[in-house]
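Working notes for the structure below.
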Amino acid sequence: MLQVNEDVDKKVRGHSRASSDSSQFIQATKRDALNMLQKELDKLLATCEPYRTEEARKQFDGFSKLFTRFLDESGPSVDWNKIEKLPNDAVRDYCTLETPTADLVHQMLDKLVVVKLNGGLGTSMGCHGPKSVISVRNDLTFLDLTVQQIENLNKTYKVNVPLVLMNSFNTNEDTEKIIRKYKNLDVDIHTFNQSCYPRVNRDSLMPIAKTGVIDSDIEAWYPPGHGDFYESFKNTGLLDKFLKQGREYCFISNIDNLGATVDLNILNSLLNPDHKHSKPEFVMEVTDKTRADVKGGTLIQYEGKLRLLEIAQVPKEHVDDFKSVKTFKFFNTNNLWAKLDAIDRVLKEDLLHMEIIINNKTLEKGQNIIQLETAVGAAMKTFEGCIGINVPRSRFLPVKKTSDLFLVMSNLYSLKHGSLKMSPQRMFPTTPLVKLGDNHFSKVKEFLERFANIPDILELDHLTVSGDVTFGRGVSVKGTVIIIANHGDRIDIPAGAILENKIVSGNMRILDH
């Protein structure tokens, strides 16, 4: 039988449904929901493939804890009036970090593990399989660029920094096939799977899966967000392995953030702090918030500790305050550094308590379901001596949409050893704002068909493209350019065109002769 949190169970069992008090009624229905869920999970466990039973038992225990908390918690997880001003020393400026001497770098890198969150699919960009295998530059994928970065690090400093990929059941099989091609490279690659939890019917709060064999109905299961990293990292034995090797920190980031490279100045500040600082257990890289980032998580001081505040935790009446660039100056890049022995301690003492993200979805069959998820950065409040580091924007270069792909494929960046660097010919360090219309540009295949090659954007501030628009070879866009083809119209931007501070609309066809 799966374990239920006993305190919650006692609290729930202590009420009788006969009472007219609404809170008692709610508690009783929670007890019923919990008991019914346990029975369903036991049935699913009994139908798992034998080789998966122990793994599934651990994962269902994790799901049970999450579900119990979901039933037990009501209202926003943050009391808005308790948010405190960030202390002056809470966020360190990257510019104040010292560059380590060459003789230190080797021993520093021996203490590091690099973790990439690789659980996402490329479906939002019209691609099949893991997002990490989308080509982003010179026919190289996110995974290729990541491996190149680590290989270059290992060769340059004669070290063996391991690369760990956290896959999901959606990406694991494809990723395992792909990483075989790296076997002759100077990179030690480890993979593990994050948990696989059952999706729950929104009305009945029961799992929609009928069997524990995941492949028989893959839509009935989901990976529970990257907050699952800590438990799964421990359960697979990798945490213990790296601790025995004498490694101290892991650097965690999204695989689609092309700016998230190993930074020696940050690593040095963790491993060799000055006399005023001790080694922090958890570091969150933040960067200055712009109007494009208003929905991103931010760093707050709450009940005397630093923590991550996500928009989902904000009471509705304070959402505008949350989005204010003046009130909350930083946002979370999801580049995180965590001390390995601290992760081990927090898990052993059962202190991990991340806010639950309730993700409502409607499946293809029309079923309304909920997914209970957590975010990896939300664990910050569990650790001691946490800090933020305000890093340059160049460390946050995510590719979530084809408009991001447009930027990283352009001449705005050059590629060296798997790392993208902004061109020195760009007069200012900010990234242009690019908006490409969903109907014609949202899928990678369609997007690529609309450009003979990516335009020169070194002097671009803002580009909006909407409707049926194509670009010839060698186009240059500068300043603010808006191109709108209305419904039924088509605009072909001719090869070699230079558009500077222009609005283009209507119908413009370039005919082949």
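Restricting the first residue to the stretch 394-419 and requiring it to be under 18 Å from Thr141 (Cβ atoms) and basic (Lys, Arg), which pairs with a second residue that is at pLDDT below 95 and open to solvent by 20 Å² or more (accessible area, probe 1.4 Å) meet a Cβ separation below 8 Å and a spacing of at least six or different chains?
Lys400/Ser124; Lys401/Ser124; Lys401/Ser442
Among the candidates Ile503, Ile493, which residue alone is at pLDDT 90 or above, farther than 23 Å from Leu258 by Cβ and touching a Phe, Trp or Tyr at 6+ places or on another chain (Cβ under 7 Å)?
That would be Ile493, the only listed residue that is at pLDDT 90 or above, farther than 23 Å from Leu258 by Cβ and touching a Phe, Trp or Tyr at 6+ places or on another chain (Cβ under 7 Å).
Search the stretch 97-133 for residues being open to solvent by less than 10 Å² (accessible area, probe 1.4 Å) and of a type in the set (Val, Ile, Thr), and hand back the single one that is modelled with the lowest pLDDT.
Per the criteria, the residue is Val105.
Of the residues in the stretch 246-279, how many are part of a helix (DSSP H, G or I), over 27 Å from Lys400 (Cα atoms) and either of a type in the set (Ser, Thr, Tyr) or open to solvent by 30 Å² or more (accessible area, probe 1.4 Å) (or both)?
1
Please work out if Asn201 is at pLDDT below 90 and of a type outside the set (Gly, Ala, Ser).
Here the answer is no, as Asn201 does not meet what is asked.
For the stretch 316-356, give me the residue count where each residue is part of a strand (DSSP E or B) and hydroxyl-bearing (Ser, Thr, Tyr).
Residues flagged as part of a strand (DSSP E or B) and hydroxyl-bearing (Ser, Thr, Tyr) within the stretch 316-356 amount to 1.
Just a yes or no: is a residue in the stretch 248-258 under 16 Å from the mean Cα position of the chain (by Cα), modelled with pLDDT of 95 or more and among the aromatic types (Phe, Trp, Tyr)?
Looking through the stretch 248-258, at least one residue is under 16 Å from the mean Cα position of the chain (by Cα), modelled with pLDDT of 95 or more and among the aromatic types (Phe, Trp, Tyr).
Pull out all pairs, ordered by first then second residue, where Cβ-Cβ is under 9 Å, the residues are six or more apart or on different chains, the first lies in the stretch 174-190 and is at positive phi, and the second is surrounded by 12 or more Cβ atoms within 10 Å (Cβ to Cβ).
Close Cβ pairs satisfying both conditions: none exist.
I'd like to check which strands (runs of 3 or more DSSP E) are fully inside the stretch 357-421 and have at least 1 residues that are modelled with pLDDT under 95 and of a type in the set (D, E, K, R).
Hits in the stretch 357-421: 357-362, 368-373, 413-416.
For the stretch 196-212, enumerate the residues that are open to solvent by 10 Å² or more (accessible area, probe 1.4 Å) and part of a loop (DSSP other than H, G, I, E, B).
Arg199, Arg202, Asp203, Ser204, Leu205, Met206, Ile208, Lys210, Thr211
Could you tell me whether Asn88 is in contact (Cβ under 8 Å) with a residue 12 or more places away in the chain and not hydrophobic (A, V, I, L, M, F, W, C)?
no
Starting from the stretch 145-157, take each residue that is without any contact (Cβ under 8 Å) to a residue 12 or more places away in the chain and list its partners that are outside any helix (DSSP H, G or I), counting only C-beta distances under 9 angstrom and pairs at least six apart or across chains.
The qualifying pairs are Thr156/His417.
Can you spot a residue in the stretch 461-479 that is open to solvent by less than 40 Å² (accessible area, probe 1.4 Å), part of a loop (DSSP other than H, G, I, E, B), touching a helix residue (DSSP H, G or I) at 6+ places or on another chain (Cβ under 9 Å) and farther than 21 Å from Arg291 by Cα?
yes
The values are calculated or read from the model by the stated rules, or taken from the named source; none is laboratory data. Here the structure is a predicted model, which is why all the values come from computation and not from measurement. As a convention, Cβ positions derive from the backbone with ideal geometry for all residues, glycine included, and neighbour counts pool all protein chains shown. Accessible surface is based on the protein model in full, side chains and every heavy atom, while ligands, DNA and RNA are left aside. Shrake-Rupley method; radii C 1.70, N 1.55, O 1.52, S 1.80 Å.
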